[in-house]
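Comments concern the structure below.
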């Protein structure tokens with residue numbers, strides 16, 4: 001019985017120390033995970049559509065259809081869309097910043113969501129999430 005008490009007294013501090021280390025490590029990983037979700041607006045290397053800006057303009061021109069309702073109403077203008085280029089180059093969080101209605105906003109969202117993966121932006125040599133804003137013109 002005495003040996004058991006001595007053994008418990010020796011092991012208890014080690015167990016407490018281990019538990020504290022686990023809690024600290026868990027908090028550190030949680031903080032790191034929060035940092036990894038940061039969305040930047042300006043980074044050292046901005047994200048790039050595969051093939052560059054000319055290829056992006058060509059993609060939009062080929063894939064966007066001017067909605068007939070907008071044509072019939074004579075709706076023209078620029079739809080401003082924002083989205084996040086993820087660390088893996090995928091597109092997420094597609095939203096209209098300023099739209100013109102009559103189906104144009106929805107058409108821009110559809111086409112942006114279907115874009116191929118981009119080359120992600122980087123900060124300090126590592127891929128990061130970057131918000132990207134894009135104007136899309138509709139003109140008859």
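The values are calculated or read from the model by the stated rules, or taken from the named source; none is laboratory data. As the structure is a computational prediction, the values presented were derived from the model and not from experiment. FYI the Cβ positions are ideal-geometry reconstructions off the backbone, even for glycines, and counts take in every protein chain you see.
Here is a list: 88, 54, 72. Which entry is closer than 30 Å to residue 122 by Cβ and in a helix (DSSP H, G or I)? Answer to the selection: 54. Could you list, in sequence order, the residues of the stretch 107-124 that are free of Cβ contacts under 8 Å to residues at least 24 places away in the same chain and either closer than 13 Å to residue 86 by Cα or assigned to a loop (DSSP other than H, G, I, E, B) (or both)? The one that is free of Cβ contacts under 8 Å to residues at least 24 places away in the same chain and either closer than 13 Å to residue 86 by Cα or assigned to a loop (DSSP other than H, G, I, E, B) (or both): 113.
Within the stretch 50-68, the set of residues being surrounded by fewer than 16 Cβ atoms within 10 Å (Cβ to Cβ), touching a helix residue (DSSP H, G or I) at 6+ places or on another chain (Cβ under 9 Å) and under 19 Å from residue 105 (Cβ atoms) comprises 63, 65.
Residue 95 - would you say it is surrounded by fewer than 16 Cβ atoms within 10 Å (Cβ to Cβ), more than 17 Å from the chain's Cα centre (by Cα), at pLDDT 95 or above and assigned by TED's automatic domain parsing to the domain that holds residue 118? Criteria not met by residue 95. Looking at the structure I just gave you, is residue 96 touching a residue at least 24 places away in the same chain (Cβ under 8 Å) and more than 17 Å from residue 139 (Cα to Cα)? Considered against the rule, which asks whether it is touching a residue at least 24 places away in the same chain (Cβ under 8 Å) and more than 17 Å from residue 139 (Cα to Cα), residue 96 comes out as no.
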